[in-house]
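Encoded as C-alpha cells, the structure appears first; notes follow it.
The values are calculated or read from the model by the stated rules, or taken from the named source; none is laboratory data. Treat the numbers as computed from the prediction; the structure is a model and nothing was measured. Neighbour counts run over all protein chains shown; Cβ positions are idealised from the backbone, glycine included.
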Amino acid sequence: MPEGHSVHRIARQFDRNFVGRPVTASSPQGRFTEGAAVLDGRTPTEVRAVGKQMFLEFDHDIWLRVHLGMYGAWDFAGEILVDPTIASSNGRMGQTNQRGTQLEEPILDSAGENSLTSIGAPRRARVHVRMSEQTTGLADEGDQWPPPVVGQVRLRLLTDVTCADLRGPTACELQTPEEVAATIAKLGPDPLVDDVSEGEERFTSVVRRKPTPIGLLLMDQNVVSGIGNVYRAELLYRARQNPHTPGRDVPEEVVRGIWRDWVRLLSIGVETGQMMTMDDLDPDAYRKAMASRDDRHWVYHRAGLPCRVCGTEIVVEEAAGRKLYWCPSCQR
Ligand SMILES: [Zn+2]
C-alpha cells in the first residue's frame, strides 16, 4: 500500500506535468465516465497531497479526490519532467561525475518502489515512457501516442505530451471546495502540509488521550496522516516502543519523538522514493539498502529473523487486519 511519501511524490509529478495545462479526461474502464466528462477540457490549477489522499483542483472550483488504497497506482507516460529534488536525491547516491554536468544514475529498487513512472502499487511493465533526462530501467514500447490503454484504467488524464493513468483506486471522485475542506479537516496532521510544531501538538494531545494501543493509533489517518504498515513498524522500533501500550500511557516525550521521527522519515521518503528507515549506514550498506527492501528496515518484513540490535526473533502479529512486526526485547 502506498504510504504518505508516494502520494506526495505523485502530487509533485502532477504539479510539474499537469498544472496549467489543459487535459483530455476519459474513463476507459467506464467506472468514472461522468466525472471524466466534467474534467475533460479543463485545466488543473493546483494539487495537494494530504496523507494518503491527493486533491487535484481544476478550473471553476472542481476538485478530483483520489485515494489509492491497497491496490491503486498512477502510471505516467510520455515526456515527464522529473522533480529536481527527486532527480538530485537520486543523483546524490550515484557515482560522482567529475564535471557535475550529467545526471547520475538513480538506484532503482528491484521491487519498483521508487519507479518514476508507476507510483503506488508496483506496475512497471505497462508504461511507455519517453523522458528527456533518463530512461533507466523503463521499458520502451514504441512511439504510439497516446499510449494504448492497458488494463482497467479508471481515469486517464492527457496533456499534449504527458499521460497519467489511474488504476485500482479506493476513491476517485469529484468534490466541491467545501467537500475538500471537510475531508481534509477530518485528517490528522501531515508534516508536509501542516505547520510541524502545530502538528506535533495535535498529534501528541490526541495520542495521549486515547486508550487505543499506539500501534493502532499510528495507522489511524484521523490521528496522523500518511503512516502505513512499513512506517508504523519502523517508527515504533526506532522509538523502542511496545506497540500494545495504550496511547495515553506512552510518555509524552516518546510521543513527541515519534512525531519528529515521522517528519524526518517522510521527507527522506519523498526525496528518495523509498521508505528508508535505517540511518548511520556506511556508503556500501546505504547503497545496498536503497537497492533492496530487505536491507533497509529494522523490523518490517523480518518475522523470524534476528533483531539487528539484540538478536531476538522479530515477531509478527495481526493488528487491525495488517501485519505488525516488532522486537519483543527492544520494544518492551
Ligand atoms: Zn531487539
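What to note about this one:
- For region 270-291, filtering for residues that are within 18 Å of residue 229 (Cα to Cα) and modelled with pLDDT of 90 or more leaves 5.
- Residue match in region 278-288 (condition: within 16 Å of the ligand (Cβ to nearest atom) and outside any loop (DSSP other than H, G, I, E, B)): no
- Screening region 289-305 for residues that are without any contact (Cβ under 8 Å) to a residue 24 or more places away in the chain and among the aliphatic types (A, V, I, L, M) and picking the one that is nearest to the ligand (Cβ to nearest atom) gives 305.
- Residue within region 34-41 that is of a type outside the set (A, V, I, L, M), assigned to a loop (DSSP other than H, G, I, E, B), in contact (Cβ under 8 Å) with a residue 12 or more places away in the chain and more than 15 Å from residue 173 (Cα to Cα) present: yes
- Unmet criterion (only one of (1) buried (at least 16 other Cβ atoms within 10 Å of the Cβ); (2) out of contact with any Cys (no Cβ under 6 Å at 6 or more places or on another chain)) for residue 292: (1)
- Residues of region 1-33 satisfying the condition of being assigned to a loop (DSSP other than H, G, I, E, B) and more than 21 Å from residue 160 (Cα to Cα): 1, 2, 3, 29, 30, 31, 32
- Complete set of residues in region 306-332 that are free of Cβ contacts under 8 Å to residues at least 24 places away in the same chain and more than 11 Å from the ligand (Cβ to nearest atom): 316, 317, 318, 321
- With respect to the conditions (1) farther than 25 Å from residue 225 by Cα; (2) surrounded by 22 or more Cβ atoms within 10 Å (Cβ to Cβ), residue 22 falls short on a single one, namely (2).
- Residue within region 295-302 that is modelled with pLDDT of 95 or more, closer than 19 Å to residue 217 by Cβ and surrounded by 16 or more Cβ atoms within 10 Å (Cβ to Cβ) present: yes
- Each residue in region 25-40 was checked for being farther than 19 Å from residue 152 by Cβ and either of a type in the set (Val, Ile, Thr) or at pLDDT below 90 (or both), and 1 of them qualify.
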